[in-house]
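Engineer: Quick one: the structure is below, and I'll ask about it shortly.
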Amino acid sequence: MITGGWVEEIQINKDGSGWTRSVGGNRPVIIMGGYLGSAIFGNILFYVGAKLHKLVKPMLILLVISMLVTGIYWFNSLFTTGVLLGFSVILSFIALKTNFGREVLMFIGLASIIYIIQDFNVGPSSDLQAYAKEMVFIPATVWMYIWLAIAVILFLFNLRLLFRDSSDSELTNY
């Protein structure tokens with residue numbers, strides 16, 4: 001939607017993979033979204049959980065709303081909608097009734113980042129092959145390493161921010 005297209009349907013598979021069928025928009029950017037979007041999303045969630053404590057509850061609520069809208073508006077299967085509604089209930093409970101929001105956001109963030117690395121070990125798959133067809137001058141294997149490097153750089157940048165912020169606050173405590 002950000003690239004000018006629209007989503008027709010979203011599918012979550014039982015193995016944790018999934019796909020989104022879209023129409024229009026910038027196809028290379030859309031294809032990258034599964035990898036780099038996950039890296040950006042994961043790093044944001046991790047950072048909010050670790051450092052922006054006042055935003056934890058609103059971020060969890062935003063995730064709940066996003067899951068509900070996705071599961072209902074882009075209904076594709078009972079499994080997909082069930083998974084999204086189930087996670088919405090769990091995240092709502094965590095946000096409203098527990099003090100584990102920070103840990104949950106950090107966990108979801110890390111899981112999003114680690115998924116990229118796990119997918120990297122599988123080798124060029126559907127998104128990479130589709131991207132290589134769009135960007136014919138560079139093979140899928142090279143894109144795989146480029147995407148992994150970007151994900152790792154984002155995570156290292158995030159860790160640097162976290163450690164820099166914590167060392168700055170320790171200095172002001174002395």
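A short reminder: the numbers here are calculations on the coordinates, not readings from a lab. None of the values given here were measured: they were computed from a predicted structure. Cβ sites come from the backbone with ideal geometry, for glycine too, and all protein chains shown count toward neighbours.
Engineer: What are the membrane-span-like helices in the chain by this rule: whole DSSP H runs, Cα extent along the axis at least 18 Å, mean Kyte-Doolittle hydropathy at least 1.0?
Structural biologist: Working: long enough: 38-51 (19 Å, 1.14); 56-73 (25 Å, 2.02); 78-97 (27 Å, 1.94); 101-122 (31 Å, 1.20); 140-173 (50 Å, 0.91).
Length and hydropathy pass: 38-51, 56-73, 78-97, 101-122.
Engineer: Can I ask one more? Eight or more residues apart or on different chains, and alpha-carbon atoms under 28 Å: count the Lys pairs in the chain matching that.
Structural biologist: Working: Lys14/Lys133; Lys51/Lys97; Lys54/Lys97; Lys57/Lys97.
So the count works out to 4.
Engineer: Related question: How far is it, in nm, from the label point at Lys14 to the one at Ile117 when both lie 7 Å from their Cα along the line to the Cβ?
Structural biologist: Reported label-point gap for Lys14 and Ile117 is 3.0 nm.
Engineer: For Ile44, Ile113, Ile72, what's the fewest-to-most ordering of other Cβ within 10 Å of each Cβ?
Structural biologist: Details: Ile44 18, Ile113 23, Ile72 11.
Ranking Ile44, Ile113, Ile72 by Cβ neighbours within 10 Å, fewest first, gives Ile72, Ile44, Ile113.
Engineer: Looking at (1) 1.14; (2) 0.97; (3) 2.22, which value of Cα Rg over 2.2 N^0.38 Å comes from a calculation on the structure shown?
Structural biologist: Checked against the structure: label (1).
Engineer: A further question on this structure: Determine the principal axes of the Cα atoms in region 15-67, then give the extent along each, sorted from largest to smallest and rounded to whole angstroms.
Structural biologist: Principal-axis extents of region 15-67 (Cα, largest first): 37, 26, 19 Å.
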